[in-house]
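The values are calculated or read from the model by the stated rules, or taken from the named source; none is laboratory data. The structure displayed is predicted, hence computed values, not measured ones. Cβ placement follows ideal geometry from the backbone for every residue including glycine, while neighbour counts extend to all protein chains displayed.
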Amino acid sequence: MNDGPAQGSKGADLFLEDLLARSQASGYHLNPDMGFVRALVQGLLTNVERYGYPACPCRLASGRREDDSDIICPCDYRDADLAEHGSCFCALYVSRDVAEGHRPLASIPERRPAEGSRRHDSEPVAGIGRPPLPVWRCRVCGYLCAREAPPETCPICKAAEDRFECFLSGGPG
């Protein structure tokens, strides 16, 4: 998702078109209630104006991108919420069953850890040796790559570089 769309009605339309294109290209479904989706897009645009990034409008953002990176749309919790509940927390993204009307939307619990317990650094994975290069993971789509630094943009979902986390530390250990 683009972090800096044009503002106003035309900007909202462009943002929505981009969101629709990216979700369809990635195999995701948006909520079929387009009025609801437009309201969420307005919230995302408001957060872009406030903070410079599209923080989920259904969560309280701090205004510090590094602290809010887990709730930049699409958030880190989207896929788990879709699998378990049929929609993400704000119901922008929905499962195929919900999109086709076979499953109703329901409220879902907040999956985001409390502020003091959020994980910012990767923890070592048991049983896996240290690779020669760091392995970076896109927190949006799960894409993995082994290189000195994360890519500027995820080749799969187009998330920005700061949406990557070090999955495995590399080098001599």
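For the reader, a short list of remarks on this structure follows.
- Looking only at region 1-51, and only at residues there that are more than 25 Å from Leu105 (Cα to Cα) and among the basic types (Lys, Arg), the one that is modelled with the lowest pLDDT: Lys10
- Subset tally (residues that are assigned to a loop (DSSP other than H, G, I, E, B) and touching a strand residue (DSSP E or B) at 6+ places or on another chain (Cβ under 7 Å)) for region 75-90: 1
- Pair list, Cβ under 6 Å, 6 or more apart: region 24-41 residue touching a residue at least 40 places away in the same chain (Cβ under 8 Å), other residue in a strand (DSSP E or B): Tyr28/Tyr93; His29/Val94; Asn31/Val94; Val37/Leu30
- Selection from region 51-67 of residues that are free of Cβ contacts under 8 Å to residues at least 60 places away in the same chain and not in a loop (DSSP other than H, G, I, E, B): Tyr51, Ala55, Asp67
- Residues of region 49-69 that are under 16 Å from Asp162 (Cα atoms) and either crowded, with 20+ Cβ neighbours inside 10 Å or among the charged types (D, E, K, R) (or both): Tyr53, Pro54, Ala55, Arg64, Arg65, Glu66, Asp67, Asp68, Ser69.
- Ala39 part of a helix (DSSP H, G or I), small (Gly, Ala, Ser) and in the same structural domain as Ala91 (by TED's automatic domain parsing): yes
- Filter pass, Arg111 being surrounded by fewer than 17 Cβ atoms within 10 Å (Cβ to Cβ), basic (Lys, Arg), part of a helix (DSSP H, G or I) and not assigned by TED's automatic domain parsing to the domain that holds Glu152: no
- Condition check for His85: exposed (fewer than 14 other Cβ atoms within 10 Å of the Cβ) and over 17 Å from Ala12 (Cα atoms): no
- Count of region 91-106 residues which are assigned to a loop (DSSP other than H, G, I, E, B) and crowded, with 22+ Cβ neighbours inside 10 Å: 2
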